[in-house]
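Take this structure first; my questions come after.
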Amino acid sequence: MDKWYNVGKIVNTHGIKGEVRIISRTDFPEERYKIGNTLFIFAEGKEPLEVKVETYRTHKNFDLVTFEGYDNVNDVEHFKGALVKVHESQLGELEDGEYYFHEIIGCTILTDEGEELGEIKEILTPGANDVWVVKGARSKEILIPYIDEIVKEIDTNEKRIIIHLMEGLI
């Protein structure tokens, strides 16, 4: 069975030349939206549509992308609300210490003292480092910055991450 990974969601069009506004959910937007790359558009009730990236730029908190052969706003209007995905075969090898979002989301966070804090539900990418959103035991959200001083061990096979709980983190 084919596995697909979310890159983002098309939330709107931008301008009149076929550009779409995407809220990204990818770990590597520069790689995914590189000119010439193949993406797949999943619109509800339709077969996945293969498209090639023609242009890519960022604007505010969005990624703006055009696809080859879609040169007018009327060509892309129906993409609103569709998901943009890549096939598992398009995932490249990562260097040591690098992980795909889907490998980290769902992992259980434990302190280096053995206390279970919860499960990673989301990854934020606000700037210098990623921030893991952990659903805590008492429904409280905990934000864990992905930095060496805190994250001590990652085992994606066991879906377990050990962190050092710095003062003021919780």
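Every read-out reported here was derived from the displayed coordinates using simple, explicitly stated rules and does not represent laboratory data. Remember, predicted model here, so these are calculated numbers, not experimental data. Here the Cβ positions follow ideal geometry from the backbone for every residue, glycine too, while neighbour counts run over all protein chains shown.
Taking 0.36 nm per residue of separation and subtracting the Cα-Cα distance, what length does fully extending residue 60 through residue 30 add?
9.3 nm
Rounded to the nearest Å, what's the spacing between the alpha carbon centres of segment 1-66 and segment 104-170? Just the number, please.
29 Å
Based on Cα positions only, what radius of gyration and what Dmax would you give for the chain, in angstroms?
Computed over the Cα atoms of the chain, radius of gyration and Dmax are 18.3, 57 Å.
Run through every distinct alpha carbon pair of segment 4-90 and return the Kirkwood hydrodynamic radius in angstroms, one decimal place. Mind showing how you got there, number by number?
On the way: mean 1/r = 0.0797 Å⁻¹.
In segment 4-90 this quantity evaluates to 12.5 Å.
Also: Of the GluC sites (Glu not before Pro) in segment 3-94, which ones lie in a loop per DSSP and count no more than 11 other C-beta atoms within 10 Å? Mind dumping the intermediate values first?
Values: sites: 19, 30, 31, 44, 50, 54, 68, 77, 88, 93; in loops: 44, 68, 93.
Those that pass, being in a loop and sparsely packed, are 44, 93.
With an 8 Å Cα cut-off and a minimum separation of 6 or more residues, compute the relative contact order for segment 1-128 in percent. Present the calculation step by step, with values, prior to reporting the outcome.
On the way: 228 pairs, mean separation 34.8, N = 128.
Rounded, it is 27 percent for segment 1-128.
Related question: Work through the residues other than residue 106 whose Cβ is under 10 Å from its Cβ and net out their charges, Lys, Arg +1 and Asp, Glu -1. Numbers along the way, then the final one.
Working: positive: 121, 159; negative: 103, 119.
Taking every Cβ under 10 Å from that of residue 106, the sum is 0.
Please check: in the Gaussian network model of the chain (C-alpha springs, under 10 Å), which one of 92, 69, 15 has the largest mean-square fluctuation.
92
Now, a different point. In what order do 165, 117 fall by count of nearby beta-carbon atoms within 10 Å, going from fewest to most?
Numbers: 165 17, 117 21.
The fewest-first ordering by Cβ neighbours comes to 165, 117.
Return the distance in nm (one decimal) between the two label points of a simple spin-label model at residue 143 and residue 93, each offset 7 Å from Cα along Cα→Cβ.
Label at residue 143, label at residue 93, 3.7 nm between them.
Next up: Quick check: net charge around residue 119, other residues with Cβ under 10 Å of its Cβ, Lys/Arg +1 and Asp/Glu -1? Mind dumping the intermediate values first?
Details: positive: 121, 135, 159; negative: 116.
Neighbour charge sum, excluding residue 119 itself: +2.
Over 29 Å between Cα atoms, which of 85/135; 34/80; 60/152 qualify? List each step's numbers first, then the result.
On the way: 85/135 26 Å; 34/80 21 Å; 60/152 33 Å.
From the list (85/135; 34/80; 60/152), the Cα-Cα distance tops 29 Å for 60/152.
Kindly state, to the nearest 0.05, the FRET efficiency for residue 78 paired with residue 52, given R0 = 25 Å and r defined as their beta-carbon distance. Please list the in-between numbers first.
Values: r = 18 Å, r/R0 = 0.72.
FRET efficiency, residue 78 to residue 52: 0.90.
Would you calculate the separation in nanometres between label points at residue 167 and residue 23, each defined as 7 Å from the Cα along the Cα-to-beta-carbon direction?
Using points 7 Å along Cα→Cβ, the separation is 3.8 nm.
Using just the C-alpha positions of segment 101-163 as equal point scatterers, what log10 of I(q)/I(0) does the Debye formula give at each q in 0.12, 0.18, 0.20, 0.24 1/Å?
-0.24, -0.57, -0.71, -1.03
Check cross-link reach from residue 159 to the aspartates and glutamates: straight Cα distance under 16 Å, and skip same-chain residues fewer than eight apart.
Output for residue 159: 98, 103, 112, 115, 116, 119, 122.
Relative contact order of segment 101-163, please, whole-number percent, based on alpha carbon pairs below 8 angstrom and at least 6 residues apart. Don't skip to the answer; put the middle values down first.
Numbers: 119 pairs, mean separation 19.9, N = 63.
Value for segment 101-163: 32 percent.
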